[in-house]
Amino acid sequence: MKKIVVLGSTGTIGRLTLDIIRNNSDKYKLIGISCKTNIDLLIKQINEFNVPSVHIYDKENLYKLTNNFNNLDIYVGESDIGKFLQQDCDIIVNAISGFAGLIPTIESLKLGRRLALANKESLVVAGRLVKNYEKQYRSHIIPVDSEHSAIFQCINGQNKYIKKIILTASGGPFRGYNKDMLKYVTPEAALKHPTWKMGKRITIDSATLVNKGMEMIEAKWLFGLNHDQIQVIVHPQSIVHSMVQFIDNSYTGLLSIPDMRIPIGYALSFPERIENYCGELNLFGLNLSFEEVDMDTFEAIKLAYDIMKEDGTYPAVFNAADEVAVDAFLRNIIGFLDIIDVIKYVLDKNKNIKNPTIADIIEANNWARTAAKRFISGRTY
Ligand SMILES: NC(=O)C1=CN([C@@H]2O[C@H](COP(=O)(O)OP(=O)(O)OC[C@H]3O[C@@H](n4cnc5c(N)ncnc54)[C@H](OP(=O)(O)O)[C@@H]3O)[C@@H](O)[C@H]2O)C=CC1
Ligand SMILES: CC(=O)[C@@H](O)[C@H](O)COP(=O)(O)O
Ligand SMILES: [Mn+2]
């Protein structure tokens, strides 16, 4: 019986992880969960899984927990995350969204645990440090992101023979649009992802292709690649979750229906596999297509190549500016194309720090948020 902690259990990935645990109660026991504000759902999860300990980021609704439970271990705020994770467990799933996932990633790695990592931001903003912690504390990151789970499985121990990886992108809801068409698209339209059901921020990031830019950086660190070993192609059906091309020009790819329970299940069961109740592929009904990515319209891919080459605090600034810009777009304060303009402006103003410490990265994140907010509110920095 493996003991599991799920960080961000109230989110899309968190809820799907609980679904796998629910269906494999002979293999997995949920011993800790966390959320930011959604205490009502957290309470339902505590009751269903009889969870003994929880972490909440915001203390605002703490009273709801203390009123309902006598024997629950409750941890509150960022300063408590290390203590919360110290309990005896086998796998920590980090399904927190955004920069907030970084410290929980580091605390998990310091404990030498298996980390099933959905929070791609941790690797984007601090990839080198995160990989160093993994090595130093003999912990093990298993990717949850569908493309990276696919690549992890496709490499199959043959890292030294990789020529390049081919990261597939659905192209999002605006595939084929030009900049004129993108000018007036609404948050409602951008939230209609063609193949996946996800949280709001990542769904908007898929529409701008910032998500794919982040995934390029994530892949660089996870698999130790150079920027020129990473190719992005558009594959609208989201059936081939990515491919690896080896030096002999053979390719391996991983196919399944687009259902995150498959890569989450693999991150829990690795190196074994568990049966899954997700749908099978109808091979005879498949119509797979691949297209070049339009980098002039979707500039995030070009930016990601530049950021990978520059490294330092640039990736943290890229992520922070995007988090602020996406939030402003969702609140109808800026337009769709402004998202990338905000990111470019903030990157341009940033003084890059090479080989940053965690403190440098946190500072760059805070600086970039302020710069992005000022730019959005019409002031320049
Ligand atoms: N959804 C998907 O299919 C995929 C997601 N990912 C990655 O997984 C991560 C989660 O995505 P997704 O599930 O879609 O996101 P959601 O927005 O659906 O869920 C986010 C979760 O994180 C919690 N959370 C948010 N902010 C904080 C914070 N400051 N401190 C602690 N907890 C916090 C939320 O709590 P509350 O509910 O209380 O707000 C919620 O449980 C992201 O990094 C995303 O890029 C990767 C691949 C696919
Ligand atoms: C499910 C998953 O892994 C997402 O990150 C997905 O990749 C988003 O789709 P896009 O390919 O449109 O970015
Ligand atoms: Mn992905």
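The values are calculated or read from the model by the stated rules, or taken from the named source; none is laboratory data. Source: prediction; values computed, not measured. Note that each Cβ is placed from the backbone with ideal geometry, even for glycine, and that neighbours are counted across all protein chains shown. Note: accessible area is taken over every heavy atom of the protein model, side chains too, but ligands, DNA and RNA are not part of it. Shrake-Rupley method; radii C 1.70, N 1.55, O 1.52, S 1.80 Å.
Within region 22-45, if we keep just the residues that are of a type in the set (A, V, I, L, M) and over 17 Å from residue 80 (Cβ atoms), the residue that is least open to solvent (accessible area, probe 1.4 Å) turns out to be 30. Any residue at all in region 187-195 that's open to solvent by less than 10 Å² (accessible area, probe 1.4 Å) and not assigned by TED's automatic domain parsing to the domain that holds residue 262? For region 187-195, residues open to solvent by less than 10 Å² (accessible area, probe 1.4 Å) and not assigned by TED's automatic domain parsing to the domain that holds residue 262: absent.
Yes or no: region 154-174 includes at least one residue that is within 12 Å of ligand 2 (Cβ to nearest atom) and aromatic (Phe, Trp, Tyr). Yes - at least one qualifying residue is present in region 154-174. For the structure I just gave you, tell me whether residue 54 is more than 25 Å from residue 271 (Cα to Cα), of a type in the set (Val, Ile, Thr) and under 26 Å from the mean Cα position of the chain (by Cα). So residue 54 fits the description; yes. Taking region 223-241 as the range and being closer than 18 Å to residue 300 by Cβ, open to solvent by less than 20 Å² (accessible area, probe 1.4 Å) and in a strand (DSSP E or B) as the test, the residues that pass are 230, 232, 234.
When the criteria are applied in full, residue 44 meets the requirement of being farther than 11 Å from residue 7 by Cα and over 20 Å from the mean Cα position of the chain (by Cα).
Taken together, the residues in region 342-357 that are open to solvent by less than 70 Å² (accessible area, probe 1.4 Å) and part of a helix (DSSP H, G or I) amount to 5. Restricting the first residue to region 146-164 and requiring it to be within 15 Å of ligand 1 (Cβ to nearest atom), which pairs with a second residue that is open to solvent by less than 50 Å² (accessible area, probe 1.4 Å) and of a type in the set (Asp, Glu) meet a Cβ separation below 8 Å and a spacing of at least six or different chains? Sorted first by the residue in region 146-164, then by its partner, the pairs are 147/215; 148/215; 148/218. Total residues in region 291-340 satisfying the condition of being part of a loop (DSSP other than H, G, I, E, B) and either of a type in the set (D, E, K, R) or closer than 17 Å to residue 215 by Cβ (or both): the figure is 8. For the criterion of being away from ligand 1 (no atom under 16 Å from the Cβ) and either farther than 30 Å from residue 91 by Cβ or modelled with pLDDT of 95 or more (or both), residue 275 fails. Restricting 182, 191, 209, 225 to residues that are closer than 17 Å to residue 343 by Cβ and away from ligand 3 (no atom under 16 Å from the Cβ) narrows the list to 182.
For beta carbons closer than 8 Å, sequence separation of 6+ or different chains, a first residue in region 243-269 that is under 27 Å from residue 21 (Cα atoms) and a second that is at pLDDT below 95 and open to solvent by less than 40 Å² (accessible area, probe 1.4 Å), the qualifying pairs are 256/278; 257/278; 259/278; 261/278; 262/278. Residue pairs whose Cβ atoms lie under 6 Å apart, separated by 6 or more positions or on different chains, with the first residue in region 17-33 and over 12 Å from residue 3 (Cα atoms) and without any contact (Cβ under 8 Å) to a residue 12 or more places away in the chain and the second open to solvent by 10 Å² or more (accessible area, probe 1.4 Å) and of a type in the set (S, T, N, Q), do not occur.
Name the residue that is surrounded by the most Cβ atoms within 10 Å (Cβ to Cβ), counting only residues in region 103-141 that are more than 25 Å from residue 2 (Cβ to Cβ) and in contact (Cβ under 8 Å) with a residue 12 or more places away in the chain. Per the criteria, the residue is 125.
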